[in-house]
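Heads up: the structure comes next, in structure tokens.
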Amino acid sequence: MVIHNGQVIDGTGAAAVADAVVLIRDGRITYAGPVVKAPQPPADAVRLDARGGTIMPGLVEAHYHPTYFNVAELADLDIKYPVEYVTLLAAANARLALECGYTAARSGGSLHNIDVWLKKAIDEDLFPGPRLAASGREICGSAGLMDWNPEYLKLGMEGLILLVNGPVEARAAARKLVKDGVEWIKTYPTGDAASRHADHHSLCMTEEEMTAVVAEAHNYKVKVTGHCRANLGIKNALRAGFDTLEHGTFMDTEALDMLLERNTPVIPALQFEWASVERGPEFKLPQWVIDGHQETLDAGAESARMILKAGGRLGMGGDYGFAWNPHGDYAKEISFFVKFVGFRPLDAIKCATKTGAEIMGREKEFGTLEAGKLADILVVDGDVIRDITLLEDRTRFVAVMQGGVIKCGASSQ
Ligand SMILES: [Zn+2]
């Protein structure tokens, strides 16, 4: 296949190459660059016209919750629907993510073990969806952010969260998840603005618990991440050896130094905070929750700027599936970083492609347009550097490809 008549953005942060082509053979890229230097494709090659637009790597959602659906309050994260229905919702969400140009996604936690099996269904072509990294259920300390049910209700939460007390239980929870077949373990080192008893400045796990999770996970070559807002929680996670940090909200220079030393990627997920502030009143969020989200947004944006400036790694994604931040809006994350955080479009795209693939540990397979990589490609009708919001509009997608196969977009019809 030859994709022609477009500019190439390769995902490395390098400038776009005008009048470029991408050549694909057997599902892999054989060439991506200026047309004048391109080898001659065979006469019978399939030609795909990029319509003078942009040829770029497929996007990577780095903090994806396939089982979230129309969440209006914390309790909706749990068994609002039976697991059978949530499984179907997750499959629908996965198809939507692919239609939105996301050819890969790392789960940031899922109800039951749904994402592990969703990944299998996608890999076996039963369902369309992003190449997934699965996380399954999450781990939090008792009384932490995810432990919201009052004791008198005697409700179990083990389909959503494994609540732990102390390093022995943390280790046992990690072992359970390893056995479930997860590739990542998602933990809750800190709280969040949405919780009254475990807010964004509180800790929800001890460093000993986190260290126990990491030791057990790494033993089985499973990676660990965590919901890290409070400054001390960020430092505890870095000291414990976390592989990525979700949010990394309240960073100070000491936390930044620790982060850079370890080159740990951070996934800020800021569009969710913005949407919570902007649309909170419409959904009747209490003012103290909205105020907490505003504080989180301001500090999170500042931390992201610090990390980018210092040469750290950032992934794009985050918490789509809330009522005010629904599935399908994923690329708003990228626009947000350009419009409100001050990233160059090329930097935001690099975060959403190359760094996303690095976070998934699959940077040798995809994430950039380079010879030898899988042809996971997004072709957009238009110049995404001039208007980054084109990535939000899937009616402008000419093609969304995985391994050289056109899965969605105008040319798939
Ligand atoms: Zn999340």
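The values are calculated or read from the model by the stated rules, or taken from the named source; none is laboratory data. What you see is a predicted model, and the numbers here were worked out from it, not measured in a lab. Methodologically, a virtual Cβ is constructed for each residue, glycine included, from the backbone with ideal geometry; neighbour enumeration extends over all protein chains shown.
Give me the residue from region 223-234 that is under 17 Å from the mean Cα position of the chain (by Cα) and of a type in the set (Val, Ile, Thr) and, out of that set, nearest to Ser202 (Cα to Cα).
Filtering first and then ranking leaves Thr225.
Does region 103-118 include one or more residues that are basic (Lys, Arg), within 16 Å of the ligand (Cβ to nearest atom), farther than 30 Å from Met56 by Cβ and in contact with a helix residue (DSSP H, G or I) (Cβ under 9 Å, 6 or more places away or on another chain)?
No; the residues of region 103-118 include none that is basic (Lys, Arg), within 16 Å of the ligand (Cβ to nearest atom), farther than 30 Å from Met56 by Cβ and in contact with a helix residue (DSSP H, G or I) (Cβ under 9 Å, 6 or more places away or on another chain).
Whether any residue in region 160-169 is in a strand (DSSP E or B), under 22 Å from the mean Cα position of the chain (by Cα) and under 25 Å from Val338 (Cα atoms) is what I want to check.
Within region 160-169, none of the residues are in a strand (DSSP E or B), under 22 Å from the mean Cα position of the chain (by Cα) and under 25 Å from Val338 (Cα atoms).
Report the residue count in region 217-249 for those that are in contact with a helix residue (DSSP H, G or I) (Cβ under 8 Å, 6 or more places away or on another chain), in a loop (DSSP other than H, G, I, E, B) and not aromatic (Phe, Trp, Tyr).
Restricting attention to region 217-249, the residues satisfying the condition of being in contact with a helix residue (DSSP H, G or I) (Cβ under 8 Å, 6 or more places away or on another chain) are 217, 220, 222-224, 226, 228-229, 231, 234-242, 244-245, 247-249.
Then drop every residue that is not in a loop (DSSP other than H, G, I, E, B), which leaves 220, 222, 229, 241-242, 244, 248-249.
Those still in the list that are not aromatic (Phe, Trp, Tyr) too: 222, 229, 241, 244, 248-249.
Qualifying residue count for the region: 6.
Name the residues in region 109-119 that are touching a strand residue (DSSP E or B) at 6+ places or on another chain (Cβ under 6 Å) and either under 29 Å from Ile55 (Cβ atoms) or part of a helix (DSSP H, G or I) (or both), would you?
Initially, region 109-119 is screened for residues touching a strand residue (DSSP E or B) at 6+ places or on another chain (Cβ under 6 Å), giving 109, 115, 119.
Once the filter is applied, which keeps residues that are touching a strand residue (DSSP E or B) at 6+ places or on another chain (Cβ under 6 Å) and either under 29 Å from Ile55 (Cβ atoms) or part of a helix (DSSP H, G or I) (or both), region 109-119 yields Asp115, Lys119.
Of all residues being β-branched (Val, Ile, Thr) and surrounded by fewer than 24 Cβ atoms within 10 Å (Cβ to Cβ) in region 115-146, which is nearest to Phe366 (Cα to Cα)? Just the residue, please. I'd like the intermediate steps shown before the answer.
Quick first cut of region 115-146, residues β-branched (Val, Ile, Thr) only: 116, 122, 139.
Now restrict to residues that are surrounded by fewer than 24 Cβ atoms within 10 Å (Cβ to Cβ): 116, 122.
Numbers: Val116: 21, Ile122: 17 Å.
Here the answer is Ile122.
Quick one: which residue in Glu295, Glu254, Glu273 is outside any loop (DSSP other than H, G, I, E, B) and surrounded by fewer than 15 Cβ atoms within 10 Å (Cβ to Cβ)?
Values: Glu295 fails: surrounded by fewer than 15 Cβ atoms within 10 Å (Cβ to Cβ); Glu273 fails: surrounded by fewer than 15 Cβ atoms within 10 Å (Cβ to Cβ).
Answer to the selection: Glu254.
Pick out the one residue from Gly321, Gly356, Gly382 that is of a type in the set (Gly, Ala, Ser), in contact (Cβ under 8 Å) with a residue 24 or more places away in the chain and surrounded by fewer than 22 Cβ atoms within 10 Å (Cβ to Cβ). Lay out the reasoning, then the answer.
Working: Gly321 fails: surrounded by fewer than 22 Cβ atoms within 10 Å (Cβ to Cβ); Gly356 fails: surrounded by fewer than 22 Cβ atoms within 10 Å (Cβ to Cβ).
The unique qualifying residue is Gly382.
Tell me whether region 126-133 contains one or more residues that are aromatic (Phe, Trp, Tyr) and either in contact with an Asp or Glu (Cβ under 8 Å, 6 or more places away or on another chain) or part of a loop (DSSP other than H, G, I, E, B) (or both).
Looking only at region 126-133, we keep the residues that are aromatic (Phe, Trp, Tyr), and these are 127.
Now drop any that are not either in contact with an Asp or Glu (Cβ under 8 Å, 6 or more places away or on another chain) or part of a loop (DSSP other than H, G, I, E, B) (or both), which leaves 127.
Looking for residues that are aromatic (Phe, Trp, Tyr) and either in contact with an Asp or Glu (Cβ under 8 Å, 6 or more places away or on another chain) or part of a loop (DSSP other than H, G, I, E, B) (or both), one finds at least one in region 126-133, hence yes.
Taking the options Leu270, Leu245, Leu238, name whichever one is more than 16 Å from the ligand (Cβ to nearest atom) and at pLDDT 95 or above.
Result: Leu238 is the single residue among Leu270, Leu245, Leu238 that is more than 16 Å from the ligand (Cβ to nearest atom) and at pLDDT 95 or above.
Report yes if some residue within region 60-67 is part of a strand (DSSP E or B), hydroxyl-bearing (Ser, Thr, Tyr) and over 18 Å from Val8 (Cα atoms); otherwise report no.
Here is the first cut: in region 60-67, the ones part of a strand (DSSP E or B) are 60-64.
Adding the requirement that they be hydroxyl-bearing (Ser, Thr, Tyr) leaves 64.
Within this subset, residues satisfying the condition of being over 18 Å from Val8 (Cα atoms) are 64.
Looking for residues that are part of a strand (DSSP E or B), hydroxyl-bearing (Ser, Thr, Tyr) and over 18 Å from Val8 (Cα atoms), one finds at least one in region 60-67, hence yes.
Inside region 270-284, can you point out the residues that are touching a residue at least 24 places away in the same chain (Cβ under 8 Å) and in contact with a helix residue (DSSP H, G or I) (Cβ under 7 Å, 6 or more places away or on another chain)?
Those that are touching a residue at least 24 places away in the same chain (Cβ under 8 Å) and in contact with a helix residue (DSSP H, G or I) (Cβ under 7 Å, 6 or more places away or on another chain): Leu270, Gln271, Glu273, Trp274, Ser276, Gly280.
If you check Leu96, Leu88, which single one turns out to be closer than 25 Å to Phe283 by Cα, modelled with pLDDT of 95 or more, away from the ligand (no atom under 16 Å from the Cβ) and hydrophobic (A, V, I, L, M, F, W, C)? Reasoning before the result, please.
Numbers: Leu88 fails: closer than 25 Å to Phe283 by Cα.
Leu96 is the lone residue from the list that is closer than 25 Å to Phe283 by Cα, modelled with pLDDT of 95 or more, away from the ligand (no atom under 16 Å from the Cβ) and hydrophobic (A, V, I, L, M, F, W, C).
Do we find a residue being of a type in the set (A, V, I, L, M) and within 16 Å of the ligand (Cβ to nearest atom) anywhere in region 121-131? Steps first, please.
Residues of region 121-131 of a type in the set (A, V, I, L, M): 121-122, 126.
Narrowing further to those that are within 16 Å of the ligand (Cβ to nearest atom): none.
For region 121-131, residues of a type in the set (A, V, I, L, M) and within 16 Å of the ligand (Cβ to nearest atom): absent.
Per-residue answers, yes or no, for (1) crowded, with 19+ Cβ neighbours inside 10 Å; (2) part of a loop (DSSP other than H, G, I, E, B):
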position: Trp148; (1), (2): yes, yes
position: Tyr152; (1), (2): no, no
position: Glu158; (1), (2): no, yes
position: Arg175; (1), (2): no, no
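Among the residues of region 365-372, is any out of contact with any Gly (no Cβ under 7 Å at 6 or more places or on another chain), at pLDDT 95 or above and either outside any loop (DSSP other than H, G, I, E, B) or within 16 Å of the ligand (Cβ to nearest atom) (or both)?
No: zero hits.
Could you figure out which of (1) in contact (Cβ under 8 Å) with a residue 60 or more places away in the chain; (2) surrounded by fewer than 24 Cβ atoms within 10 Å (Cβ to Cβ); (3) away from the ligand (no atom under 16 Å from the Cβ) isn't true of Glu302?
Against the list (1) in contact (Cβ under 8 Å) with a residue 60 or more places away in the chain; (2) surrounded by fewer than 24 Cβ atoms within 10 Å (Cβ to Cβ); (3) away from the ligand (no atom under 16 Å from the Cβ), Glu302 comes up short only on (1).
How many of the residues making up region 50-81 are more than 16 Å from the ligand (Cβ to nearest atom) and among the β-branched types (Val, Ile, Thr)?
3
Of all residues in region 325-340, how many are under 18 Å from the mean Cα position of the chain (by Cα), assigned to a loop (DSSP other than H, G, I, E, B) and over 15 Å from Asp387 (Cβ atoms)? Please lay out each step first, then the result.
Quick first cut of region 325-340, residues under 18 Å from the mean Cα position of the chain (by Cα) only: 325-338.
Within this subset, residues satisfying the condition of being assigned to a loop (DSSP other than H, G, I, E, B) are 326-331.
Imposing the further condition that a residue be over 15 Å from Asp387 (Cβ atoms) reduces the set to 326-330.
Residues flagged as under 18 Å from the mean Cα position of the chain (by Cα), assigned to a loop (DSSP other than H, G, I, E, B) and over 15 Å from Asp387 (Cβ atoms) within region 325-340 amount to 5.
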